1. Fully extended, how many nm does the chain gain between residue 54 and residue 92 (0.36 nm per residue separation, minus their Cα-Cα distance)?
2. Report ³J(HN,Hα) in whole Hz for each residue of region 35-48, in order, from the Karplus equation J = 6.51 cos²θ - 1.76 cosθ + 1.60 where θ = phi - 60°; Gly and Pro get x.
3. Ordered by residue, what ³J(HN,Hα) values in Hz, to whole numbers, does region 58-63 give under the Karplus form 6.51 cos²θ - 1.76 cosθ + 1.60, where θ = phi - 60° and Gly and Pro are x?
4. Regarding region 33-94, what are the three Cα extents along the principal axes, ordered largest first, in Å?
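Taken together, the values in this text are just the output of simple stated rules run on the coordinates, not laboratory data. These numbers come from a predicted model, not from an experiment.
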Amino acid sequence: MEQFEKKWQMMMEQKTSRDMMKDYDESDMQVLFRRGQWQSWRQAIDWLESQGLDDNELTPGEVKHMLEDLQQLERENVSFSSDPMQAHSLAKQHRKKAA
């Protein structure tokens, strides 16, 4: 996670604010699920942390929001879904509310 944060900070200095803050949608979750045959939230999280910021189909903001939401699903022990549309729906439903 520390490497992800360092890379994120470097990208913050280079990318437009729109790219950095853009939230993900269903098509972005489909991109994530095309990148691997995930069996758990942890596997998808690990890929996002290690390779997500380098993916040419995802913006840094999409990666960061997806990562935060999938981590929330993992913390809440939500059953994993291999269906990208259901994963997207679960992620948005369980999104941690800003304090």
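1. Extending this stretch completely gives an extra 11.3 nm.
2. 3J(HN,Hα) across region 35-48, in whole Hz: 7, x, 9, 5, 10, 7, 4, 4, 4, 5, 4, 4, 5, 4.
3. Each residue's phi maps through the Karplus curve to give 10, 7, x, x, 4, 4 Hz.
4. Taking the Cα atoms of region 33-94, the three principal extents are 28, 21, 18 Å.
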